Structure formats: structure tokens, C-alpha cells
Amino acid sequence: DVPEGRIAIEKLEPGDVVESFDPHRGLVHARVIGETVHRDRALLRIVLDDGTELEATPEHVLLVGEDHRPRAASTVRVRDVLSIRTDDALLERRIVSIEPSRTADVYELRVTAPDTYFANGVLVHNY
């Protein structure tokens, strides 16, 4: 997510501003440092109780629970809590399903501190 809304990760370039979250300052901005493309990676589809969907590689780090514990996507379970962004705050949403999705090229995004960004509205950590 960027300040103007959602944008496909493959369209981001170094220097672009993305929405980020810092546990001490709340919603903040970070800058894209770079990205690496990984070809033909298996993806998981994670669906939240409000209908939000996130596709991620099994090793992508998600921030889970109220304390935003870093965990690989392959280790999260139905009923775990992920955070989504509203205009000015985070809301907690429960995972209702996790399933294998598809194989695709994926983009490993690297951003400045606090090393977090929102992917389709869901708070995640740098890869």
C-alpha cells in the first residue's frame, strides 16, 4: 500500500513511499530500497474474516497477534490474528482459511525502517 492507495508490488521502485507501521509511532511511511524477483514460487492464499485476501510465499514473514510476532506464513493457522490498515489505525482480523494457491513470480520488497509494509492491506515484515 502507498499513501494514495494500493499498487501492485511489481510497480514499486526504489525511493517510492509505502505505508508502514512502527509499534511506538503507529502508522508511518517507509521508502522502498529495492526488490528481488523470484521465479515460479508456490504461494499460499490467506483469507481473513473481513474477506481480505493475501497471497504469500510460505517463508514470507507475517506479523501475527496483538504484539505483531514475526512468523513465516507457513506457520500461521486458522484463527490466528493479522492486522490490516484503515485510514488511521490497525484493525485485527482472524484468519478463516489458508490454502495452497498457485505458482507465480514473486517480488521480495525491501523497505527502510521500521522494515514493515502493507501487502493488500495486511501488515507484513520485510521478506
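The values are calculated or read from the model by the stated rules, or taken from the named source; none is laboratory data. Keep in mind the model is a prediction, meaning the values are calculated, not measured. With ideal geometry, Cβ positions are generated from the backbone for all residues, glycine too; neighbour counts draw on all protein chains shown. Surface areas here come from the heavy atoms of the whole protein model, side chains and all, with no ligands, DNA or RNA. Shrake-Rupley method; radii C 1.70, N 1.55, O 1.52, S 1.80 Å.
General observations
- The set of residues in the stretch 52-66 being over 23 Å from His24 (Cα atoms), open to solvent by 50 Å² or more (accessible area, probe 1.4 Å) and in a loop (DSSP other than H, G, I, E, B) consists of Glu59 alone.
- Taken together, the residues in the stretch 42-51 that are loosely packed, with under 14 Cβ neighbours inside 10 Å and not acidic (Asp, Glu) amount to 2.
- Complete set of residues in the stretch 115-127 that are closer than 19 Å to Gly15 by Cβ and open to solvent by 30 Å² or more (accessible area, probe 1.4 Å): Asp115, Tyr127
- The condition of being assigned to a loop (DSSP other than H, G, I, E, B), in contact with a strand residue (DSSP E or B) (Cβ under 6 Å, 6 or more places away or on another chain) and basic (Lys, Arg) holds for only one of Arg93, Arg79, that being Arg79.
- Residues (more than 17 Å from Thr112 (Cβ to Cβ), touching a Ser or Thr at 6+ places or on another chain (Cβ under 8 Å) and at pLDDT 95 or above) located in the stretch 1-52: Asp40, Arg41, Ala42, Leu43, Leu44, Arg45, Ile46, Val47
- Filtering the stretch 8-27 to residues that are under 16 Å from Leu63 (Cα atoms) and surrounded by 10 or more Cβ atoms within 10 Å (Cβ to Cβ) leaves Glu19, Ser20, Phe21, Asp22, Pro23, Gly26, Leu27.
- Only one entry in Arg102, Arg79, Arg69, Arg39 is surrounded by fewer than 16 Cβ atoms within 10 Å (Cβ to Cβ), farther than 17 Å from Val124 by Cα, touching a Leu at 6+ places or on another chain (Cβ under 8 Å) and of a type in the set (Lys, Arg), namely Arg102.
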